Each structure stands twice: as C-alpha cells, then as structure tokens.
Amino acid sequence: QVQLVESGGGSVQAGGSLRLSCAASGSIFNLNTMGWYRQAPGKQRELVAAITTEGSINYARSVKGRFTISRDNAKNTVYLQMNSLKPEDTAVYYCNAEVVVTGSSHEDDYWGQGTQVTVSS
C-alpha cells in the first residue's frame, strides 16, 4: 500500500559527503514522522535522525552537527545530507515513515529497502 524508495548511497572517503533521498508513494492519507535509521554489521538498528510534519527534528548524538535531515511535504520525500563522514558511519541506511493509509484509522510503520553507505579511511 505504501512504498518507500531510497537513493543516494555509495562509497566515499572519510571527510566526504553523501545525500540520501527517500520518496514515499501509495495510498497515503497522512504522512507523519519520517526518519533515517542505520544498521552496521553485528549491531542493532539505530535511529540517525527523524523529522515530523511540522519540522521538529531529532538527531542521534553521534551525527549531530554533521548530518542534516529535511523533508519536502509536497513530494512526500525526506532527505539526509551527510557531511564529514567517518568510517564508523558505514552501515545500511533505512528510511522509515509513519503513515496513515487511506481508509485506515491508525498509523503504521513502513520501511525502505535500505541503501549501503561505506566510508573508507
């Protein structure tokens, strides 16, 4: 019913930048909080950044000051600008959206397929 399509991952050297995008489509009635999570090998998935419809933002302490999350509500798209990348940022990055589907009375969580970000030293 709802699809999240991510783009923008890749490989970069330490200190470099990447920009991730995630577009939501489908039977969307309300698209609420959108965010980015990441999962490194052998580690649990963790929140990187999240943004509400009104623009309230929450960052993980490890990325604050280096990453910037933003969204375009008209395009149902969320972005993650990642600067000053470090090797420890290497992970699969997943887009997440809290969505009320058309005809539904409750909110559900949706996930993208994940995009690999690799930062070499």
TODO: Please go through the stretch 83-109 and pick out each residue that is among the hydrophobic types (A, V, I, L, M, F, W, C) and either closer than 12 Å to MET34 by Cα or within 11 Å of the chain's Cα centre (by Cα) (or both).
DONE: VAL92, CYS95, ALA97, VAL99
Task: Residues (of a type outside the set (A, V, I, L, M, F, W, C), in contact (Cβ under 8 Å) with a residue 60 or more places away in the chain and not in a strand (DSSP E or B)) located in the stretch 72-91 - done: ASN83, SER84, LYS86, PRO87
- [ ] Output the residues belonging to the stretch 11-64 that are on the phi > 0 side of the Ramachandran plot and loosely packed, with under 13 Cβ neighbours inside 10 Å.
- [x] GLY15, GLY42, GLY55
Task: Given (1) over 13 Å from LEU18 (Cα atoms); (2) open to solvent by 20 Å² or more (accessible area, probe 1.4 Å); (3) not in a strand (DSSP E or B), index of the condition TYR94 fails - done: (3)
- [ ] Mind listing just one residue for me: the one in the stretch 72-91 that is of a type in the set (A, V, I, L, M) and under 15 Å from GLU6 (Cβ atoms) and, of those, surrounded by the most Cβ atoms within 10 Å (Cβ to Cβ)?
- [x] VAL78
Task: Which numbered condition ILE69 fails, given (1) open to solvent by 40 Å² or more (accessible area, probe 1.4 Å); (2) of a type in the set (A, V, I, L, M); (3) not in a loop (DSSP other than H, G, I, E, B) - done: (1)
Task: Residue count for the stretch 44-54, restricted to those that are without any contact (Cβ under 8 Å) to a residue 24 or more places away in the chain, out of contact with any Lys or Arg (no Cβ under 8 Å at 6 or more places or on another chain) and over 18 Å from VAL100 (Cβ atoms) - done: 2
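The values are calculated or read from the model by the stated rules, or taken from the named source; none is laboratory data. Given the structure is predicted, the values throughout are model-derived calculations rather than measurements. Methodologically, a virtual Cβ is constructed for each residue, glycine included, from the backbone with ideal geometry; neighbour enumeration extends over all protein chains shown. Heads up: the accessible areas ignore ligands, DNA and RNA and are worked out on the full protein's heavy atoms, side chains in. Shrake-Rupley method; radii C 1.70, N 1.55, O 1.52, S 1.80 Å.
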